[in-house]
Every structure is written in C-alpha cells, then in structure tokens.
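*Asks:* Just passing along the structure, written as structure tokens.
The values are calculated or read from the model by the stated rules, or taken from the named source; none is laboratory data. Predicted model only: the values in this text are computed from it and were never measured. Neighbour counts run over all protein chains shown; Cβ positions are idealised from the backbone, glycine included. Ligands, DNA and RNA are stripped out before the accessible areas are found, and what is left, the full protein with its side chains, is counted by its heavy atoms. Shrake-Rupley method; radii C 1.70, N 1.55, O 1.52, S 1.80 Å.
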Amino acid sequence: MSSTILADIDFLAPSHLVARQLIGVTVLVDGVGGRIVETEAYDGEDPASHSYSGPTDRNFAMFGPPAHAYVYRSYGIHWCLNFVCREEGHGAGVLIRALEPVTGIETMVERRGTRDHWLLCSGPGKLCQALGVTRDLNGRSLAAAPFELASAPAGIDVVSGPRIGISKAVDVPWRFGLAGSRWVSKPFR
C-alpha cells in the first residue's frame, strides 16, 4: 500500500475529493480526537487557497508530500490543521473544520476550558486547541505518531456547500459535512 493512502483515502487525489472522503474518518493526535464531520478543500489554482501565490515560509508544507499536515495560525490567534493532497509541489489541502469529539474528551475539556462538548471541536481553531495541535506538527506525516487516522464507516451521507470565512471564490461548493451532524461549526443550507 502506498504511503499516500491512509484510512482508505488516496491523498494524491484532488483536494475536493479527499475533503469529501474524509467525512466520517476518525483522527487522533496523541490519542485525542474524534470523527471528522466538516472539511473544506483548497487547491493551488483556487484564489482562496494559501498556495495560490506560490510557496512561502508560512505555507511551504502545503507544497510538500501528500498525507502530511499543514498547520498555520489564523488571524494570529488560532492554529488550523490541514491535510496536504495531490503531488508534491502542487499546493493543495483540506482544512479540518470540525470533529465529533470521541476520544480523550476530558483532555479536550481541560484544554478548551469548557464542558460544553459542542464547543470542543466545532471550528478549526477550537479543534486544534482541543487536540493540542500547534505549528510543531507542520509538515509531519499523517501516517506516523502523533497522528492516527481510521477509515470512515460505510454509508456516510455527505452534504456540501460554499466555504466559510473567505472573500475569494466564495461560491465554490468545497465545504463538506456529515449530513445531519450537530457537531459542524455552522449548519449547511
């Protein structure tokens, strides 16, 4: 099996396909995590993507090998976790927007300072804080510790819509979610 295939997903595929397939996958960081219920896809040819203008010190991991992490700070406040897709040098990835918390919930509660389980992982910054994701994980392989990915169960119903919080390519329907999930950051319309 190729190192680009994890949790039955080929990370060499286009980011919008990977983003859809990641719904229902379980992701753990040092044994803490849950089921992915919301993602967004970004591609080097997409004006909303960090990789659109080429490699920089901030986004270099997005141009690295597939099935690796791209971690960046959003608005200088929150860490965001992305999974790199496509061939090395292309610059594509999937933002992990929300998880259903499943494993290590007490650790998440402590890190986030709330017992409201919906507030633990219902947004990219929240889930990074809950899982302990920082820039130290930037460029790390998703196939090795501290990451662990497990395949989604069969029969996942996925919905899609426009991405959130961007000012370019706002109508591209590359936000994906688990249909009916209460754990997404914002409802799908």
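*Asks:* Which residue out of Thr39, Thr26, Thr107, Thr56 is over 13 Å from the mean Cα position of the chain (by Cα) and either touching a residue at least 40 places away in the same chain (Cβ under 8 Å) or crowded, with 20+ Cβ neighbours inside 10 Å (or both)? Steps first, please.
*Replies:* Numbers: Thr39 fails: over 13 Å from the mean Cα position of the chain (by Cα); Thr26 fails: over 13 Å from the mean Cα position of the chain (by Cα); Thr56 fails: either touching a residue at least 40 places away in the same chain (Cβ under 8 Å) or crowded, with 20+ Cβ neighbours inside 10 Å (or both).
Within the list Thr39, Thr26, Thr107, Thr56, the selection yields Thr107.
*Asks:* Turning to a different aspect of this structure: Of the conditions (1) out of contact with any strand residue (DSSP E or B) (no Cβ under 6 Å at 6 or more places or on another chain); (2) under 15 Å from Val18 (Cα atoms); (3) open to solvent by 30 Å² or more (accessible area, probe 1.4 Å), Gly91 fails just one. Which one is it?
*Replies:* Status for Gly91: all satisfied but (3).
*Asks:* Would you confirm whether or not segment 141-163 contains a residue that is of a type outside the set (Val, Ile, Thr), open to solvent by less than 30 Å² (accessible area, probe 1.4 Å) and assigned to a strand (DSSP E or B)?
*Replies:* We begin by selecting, within segment 141-163, every residue of a type outside the set (Val, Ile, Thr); these are 141-155, 157, 160-163.
Filter again for open to solvent by less than 30 Å² (accessible area, probe 1.4 Å), leaving 142, 146-147, 161, 163.
Applying the additional criterion that residues be assigned to a strand (DSSP E or B) yields 147, 161.
Yes, the conditions are met somewhere in segment 141-163.
*Asks:* Give the residues of segment 113-126 that are among the polar types (S, T, N, Q) and either surrounded by 17 or more Cβ atoms within 10 Å (Cβ to Cβ) or under 15 Å from Tyr75 (Cα atoms) (or both), sorted by residue number.
*Replies:* Ser122 - this is the single residue of segment 113-126 that is among the polar types (S, T, N, Q) and either surrounded by 17 or more Cβ atoms within 10 Å (Cβ to Cβ) or under 15 Å from Tyr75 (Cα atoms) (or both).
*Asks:* Out of segment 164-178, which residues are under 17 Å from the mean Cα position of the chain (by Cα) and surrounded by fewer than 19 Cβ atoms within 10 Å (Cβ to Cβ)? Please lay out each step first, then the result.
*Replies:* From segment 164-178, those under 17 Å from the mean Cα position of the chain (by Cα) are 164-166, 173-178; that's our starting set.
Ile164, Gly165, Ile166, Pro173 - these are the residues of segment 164-178 that are under 17 Å from the mean Cα position of the chain (by Cα) and surrounded by fewer than 19 Cβ atoms within 10 Å (Cβ to Cβ).
*Asks:* Exactly one condition in (1) open to solvent by 20 Å² or more (accessible area, probe 1.4 Å); (2) touching a Pro at 6+ places or on another chain (Cβ under 9 Å) is false for Tyr75; which is it?
*Replies:* Condition (2) is where Tyr75 drops out.
*Asks:* Pick from Ala48, Ala61, Ala67: which is at pLDDT 90 or above and touching a strand residue (DSSP E or B) at 6+ places or on another chain (Cβ under 7 Å)? Spell out how you get there, then give the answer.
*Replies:* Details: Ala48 fails: at pLDDT 90 or above; Ala61 fails: at pLDDT 90 or above.
Answer to the check: Ala67.
*Asks:* Okay, next question. Which condition does Gln129 not pass, out of (1) buried (at least 20 other Cβ atoms within 10 Å of the Cβ); (2) touching a helix residue (DSSP H, G or I) at 6+ places or on another chain (Cβ under 7 Å), if it passes all the others?
*Replies:* Failing condition for Gln129: (1).
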